[in-house]
Amino acid sequence: MATIFYFSFLFKQKLSLSRIGTNLTLIGLISHTLALVFRTIESGHAPFTNMYESLSFLSWATVLALVIVEKKYQLRAAGAYVLLIVVALMAIASSPLMPKEATPLVPALQSYWLWLHVSVTLLGEGFFAIAFITSLLYLISEAKTRQGEETTFSPSKLDSLSYRLIAIGFPLFTLGGLIFGMIWAYRAWGSYWSWDPKEVWSLITWFVFALYLHTRLVMGWQGRRSAFIAILGFLAALFTYFGVNYLISGLHSYV
Amino acid sequence: MALPPSAPILIFASRKSYLYLRLILRLDKFLIEYYPNGSIKDWKSTLTIIENQKEKITKTIEVNHPLSYQGFRFYQSSYGWDWKNLQLQSEIKKRSNPQYSHPLTLVPGQPQNAPDNLTLVVTHFVPDFIITQSGQITTRSLEPHNPAAFIQVKQGHKNLYTGWIFARFADFSLSQAAEPSDYHFLLKDVQAEMYSGIQIAKDPGTNFIWAGCIFLGLGLFLAFYWPPREIWGLIENHNGVVNIHLGGVASKNKETLIQEFTRLIREIRGFK
């Protein structure tokens, strides 16, 4: 089932320069939502308890964030590049190496905090993913502008969009990842902080984005320096997500 | 800590230089729930806390549902089998007589007598038998995935059988004295008492952490939605010609000030 959505995303990606692209993204999002709902009903638990499920959910959250941003800030053209990331995530999720069957929930995950902690965190990371793309686009268009070339996007618009995305993503990430995670850890493991590799790396990610906001709001940094921090932040988030799982073992062994 | 059923443990608290008995924790019941496919669904421990010789509270805890009592929190953290205290149900059979069966309960280290002048003793037990690449026999885990017992059987003074027998693989045995005999020995079941691993935490500082979380949330909210900024306006009237001067300052987040300022100017211009 997931493969169909994967291909529908590929289609959208090609067409998303136009209005049709946006509508196709919307159809993709709705079908993906239905797929997640069916999976939840079928398995009886939240659709993010292993790597495959959480990748699929992260893609969904990214597309959701994208739809919101496109609607609010009228920046349709950047959508194509964001969908590239979504396609990449779905491709990894669909690879034969990922176990796809829904397995019963291990005791540690049987809590409503699973819903709160994972969904809010991944939604925040969805916004970071879009900010990553807009920051990359900023760097490209800014370099082009300096050489006197025409660009599709106005660099200053991209810069302020990146800021707004992080301004939405950061509170979500703080609430879902940090605060909900601490409360859940306190209930399940007996301590709000265990210096687990995933905890440490998400704290690093959190610090990078906090640095972004501080340098921007307090010190007035903009443009290239901000874009670099936003890119670094998303790379840290990616390492928290993939690197910690495959390179280091810890308490967060499920996702 | 590992808590065997019905043997209470004592919890001491320290006050300056001495320890005093604070609480007694007793495990009333421990059970494991399984999913239909055999994987573990939950561990449940029923705990009773005794203070000053009175039973104060009884609660069944499970993962994600700890017991709280006067600042102490009791978590379900692990479980296991007490392999030092186990009973092995075994059976002696005869190849010449398929009807023959003699059940026997063995305890490691204690020789047991059986008919036909047989003496059985279990010298080693592993819950999860494995042979490593270097040929050593060890246990892969502390769970009874492949329980195996090393038995020595004598008939009078004659060694009859020395080797491993397996609970999961009745037909299979790994023997050293491979002299064929009429008897064969089965390991039917392994019984050991389970214990429940309880983690006890007392962290009076946690409330400060929650307070910090609330401040963090409030701070984020204020920083984004209520940044300090000032906007002034000066309206001059020079004989019917009205001049409006606008000025603004923000200590941080100048971007939104610029946005708000341009919006304000646009609105004032539209007012004409």
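A few comments on the model shown:
- Flag: A:Ala237 matches the condition of being crowded, with 21+ Cβ neighbours inside 10 Å, touching an Asp or Glu at 6+ places or on another chain (Cβ under 7 Å), away from chain B (no Cβ under 11 Å) and on the phi < 0 side of the Ramachandran plot.
- Hey, B:Ile214 within 10 Å of chain A (Cβ to nearest Cβ) and under 30 Å from A:Leu172 (Cα atoms) or not: yes
- Residue check, A:Val82 open to solvent by less than 30 Å² (accessible area, probe 1.4 Å) and modelled with pLDDT under 85: yes
- Flag if B:Ala192 is open to solvent by less than 60 Å² (accessible area, probe 1.4 Å) and more than 14 Å from every other protein chain (Cβ to nearest Cβ): yes
- Hey, A:Leu165 in contact (Cβ under 8 Å) with a residue 60 or more places away in the chain, over 24 Å from A:Gly223 (Cα atoms), open to solvent by less than 30 Å² (accessible area, probe 1.4 Å) and within 14 Å of chain B (Cβ to nearest Cβ) or not: no
- Filtered by the rule that a residue be open to solvent by 20 Å² or more (accessible area, probe 1.4 Å), of a type in the set (Val, Ile, Thr) and in contact (Cβ under 8 Å) with a residue 40 or more places away in the chain, the range A:29-71 gives a lone residue, A:Val67.
- Filter result (open to solvent by 70 Å² or more (accessible area, probe 1.4 Å), within 14 Å of chain A (Cβ to nearest Cβ) and either small (Gly, Ala, Ser) or in a strand (DSSP E or B) (or both)) within the range B:29-71: B:Tyr34, B:Lys41, B:His65
- Qualifying residue in the range B:106-123 (condition: under 30 Å from B:Ile61 (Cα atoms), in contact (Cβ under 8 Å) with a residue 12 or more places away in the chain and out of contact with any Gly (no Cβ under 9 Å at 6 or more places or on another chain)): no
- Hits in the range B:124-167 - residues which are of a type in the set (Ser, Thr, Tyr) and open to solvent by less than 60 Å² (accessible area, probe 1.4 Å): B:Thr132, B:Thr138, B:Thr139, B:Ser141, B:Tyr161, B:Thr162
- Within the range B:170-198, residues that are within 17 Å of B:Leu120 (Cβ to Cβ) and in a loop (DSSP other than H, G, I, E, B) have Cβ atoms under 6 Å from residues that are open to solvent by 80 Å² or more (accessible area, probe 1.4 Å) and at pLDDT 80 or above in these pairs: B:Ala177/B:Asn159; B:Asp182/B:Arg95; B:Asp182/B:Ser96, counting only partners at least 6 apart in sequence or on another chain.
- If you go through the range B:219-265 and keep only what is modelled with pLDDT of 85 or more, aliphatic (A, V, I, L, M), outside any strand (DSSP E or B) and touching a strand residue (DSSP E or B) at 6+ places or on another chain (Cβ under 8 Å), you end up with B:Leu264, B:Ile265.
- Count of the range A:210-233 residues, restricted to those that are open to solvent by less than 20 Å² (accessible area, probe 1.4 Å) and aromatic (Phe, Trp, Tyr), is 1.
The values are calculated or read from the model by the stated rules, or taken from the named source; none is laboratory data. Predicted, not measured: the structure shown is a model, and the values here were computed from it. Virtual Cβ from ideal backbone geometry, glycine too; neighbours counted across all protein chains shown. Just the protein is used for accessible areas: all its heavy atoms, side chains included, with ligands, DNA and RNA removed. Shrake-Rupley method; radii C 1.70, N 1.55, O 1.52, S 1.80 Å.
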